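A quick write-up on the structure given underneath.
Readers should treat all values here as calculations from the given coordinates under stated rules, not as data from a laboratory. Just so it is clear, the structure is predicted and the values come from calculations on it, not from any experiment. Here the Cβ positions follow ideal geometry from the backbone for every residue, glycine too, while neighbour counts run over all protein chains shown.
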Amino acid sequence: MSLEQIIKNTIVQNASPIGFDEFMDLALYHPTLGYYRSGLEKFGEKGDFITAPETSDLFGFCLARQCAQVLNGTNDILEFGAGSGVLATQILFELGKLNSLPKKYYILELSGELKHRQAQTINKVLPELMDRVVWLDELPTDFSGVVIANEVLDAMPAKRLIYKNNQFYELGVGFDENFIWQQLTTQFTPTPSVDVKLMNGYTTEVNLRAMAWIDSLYSSVDKGLVLLIDYGMGREEYFHPQRFEGTLRCYHQHKASDDPFINIGEQDITTSVNFSDIADQASVSGFKISGYATQALFLISLGIDEYLLEQLDEDKRINLAQQVKQLVLPSAMGESFKVLALSKNISVKLMGFVEQDLSAKL
Ligand SMILES: C[S@@+](CC[C@H](N)C(=O)[O-])C[C@H]1O[C@@H](n2cnc3c(N)ncnc32)[C@H](O)[C@@H]1O
């Protein structure tokens, strides 16, 4: 049975529209046919999108420097949704150079196919470190060290809402010859926190699963730092009048669209991260907000330019310079991506936020 048929049956059995989060969950994470669970090529030029670690090793090298500030030889790293495994390889390589390897590098990955790919990638480059890498099926208990999630929050199934007559209503997914948006009749709760006046018909997303995830993460961390890197913005920008259609985007073969009802199971579906919501939830859970910056200034704070200067081969340096531009220029990933740092039971002035810390604006 096709994934489309499976989702359609779910709606029919439900006898009413399903939440968009449920639709997104099936489209991305159905055990065999979901986008992230099937064997399709997703990352890089042959896939649908390119993430920062796929763009340049320097991304992971800089993150490693930030990790080194918190790692002490007895604690660990935990990476969520490790993609092709390239970020783990970059971080472990650089931490080896810095003499700051974690005791274990845990990976929590939902996709069996990706776990296999990650093992291949790491084993190819760092076979000597393979015994430190451990794949987990659930959150650990009493974790101590650094937690990393690059482009994971945006891939968590979100709810879609519409604002009408001073209320939010959920937009569910129904079926009538094709998948359609259907407004549910009761007012949506909890009411999203918004500081501006929205127009009638304003459509947006709210990521309740990401909030629940933050809360469980707090319970599972005993002591350490959490680095959340993603495209997104603070509340004020999230609810900008120009974002009238929300932040939902789909990626298929490097083309963006806002139609989740096409290429089901063959395209990525994402929503931008409302970092104010995440920070609020993190504070309620008990985390301390330890920094918030654009990806550009986070990487610059961690000395991304030093890697360029160290490269003596001119051709390689030119190539690296292109990669750095992609990571830091505002027109590329530099400003649309942000880094939010949360901490529990540690007190360190983080190197990554020396140039910029916008946490007070969240
Ligand atoms: C856009 S990919 C990013 C991959 C990789 N981090 C990178 O930067 O190349 C999103 C990843 O998040 C994972 N993911 C989503 N929700 C997750 C969760 N609750 N726990 C762990 N991984 C999750 C997906 O399985 C997928 O591997």
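So the values come out like this:
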quantity: Ellipsoid equivalent to the stretch 285-356 - semi-axes via the Cα gyration tensor, in Å; calculated: 28, 14, 7
quantity: With eigenvalues of the C-alpha gyration tensor scaled by 5 and rooted, the stretch 210-290, Å; calculated: 29, 17, 10
quantity: Relative contact order computed over the stretch 260-362 (Cα-Cα under 8 Å; 6+ residues apart), in percent; calculated: 43
quantity: In sequence order, calculated HN-Hα J values of the stretch 229-240 (Karplus, 6.51, -1.76, 1.60; Hz; x Gly/Pro); calculated: 10, 6, 7, x, 7, x, 3, 4, 6, 4, 9, 4
quantity: For the stretch 174-251, diffusion coefficient by Stokes-Einstein and Kirkwood Rh (Cα), 37 °C, 0.692 mPa s, µm²/s; calculated: 209
quantity: Surface/4 estimate of mean projected area, convex hull on alpha-carbon atoms of the chain, nm²; calculated: 18.3
quantity: Cα point-scatterer Debye curve for the stretch 243-297, base-10 log of I(q)/I(0) at q = 0.16, 0.24, 0.25, 0.26 Å⁻¹; calculated: -0.70, -0.91, -0.94, -0.97
quantity: Alpha-carbon spread of the stretch 126-229, three principal axes, descending order, Å; calculated: 58, 37, 21
quantity: FRET efficiency, 1/(1 + (r/R0)^6) with R0 25 Å, evaluated for Q13 and W181 via beta carbons; calculated: 0.80
quantity: Rounded FRET efficiency, nearest 0.05, which uses the C-beta distance separating S336 from N166 and R0 of 22 Å; calculated: 0.10
quantity: Value of Rg to Rh for the stretch 88-147 (Rh from inverse mean 1/r over Cα pairs, i.e. Kirkwood); calculated: 0.96
quantity: Angle in degrees between helix 112-125 and the longest Cα principal axis of the chain, rounded to the nearest 10; calculated: 20
quantity: Cα long-axis angle, helix 314-328 against the chain (0 to 90 degrees, to the nearest 10); calculated: 40
quantity: Helix 20-29 vs. the chain, principal-axis angle (Cα, 0 to 90°, nearest 10); calculated: 50
quantity: Orientation-averaged projected area, Cα convex hull of the stretch 25-80 (nm²); calculated: 5.6
quantity: Area projected by the alpha carbon convex hull of the stretch 203-362, averaged over all directions, nm²; calculated: 11.6
quantity: Tail fraction, Cα-Cα pairs, the stretch 1-113, threshold 23 Å, whole percent; calculated: 46
quantity: Fraction of beta bridges assigned by DSSP in the chain that are antiparallel (%, nearest 5); calculated: 60
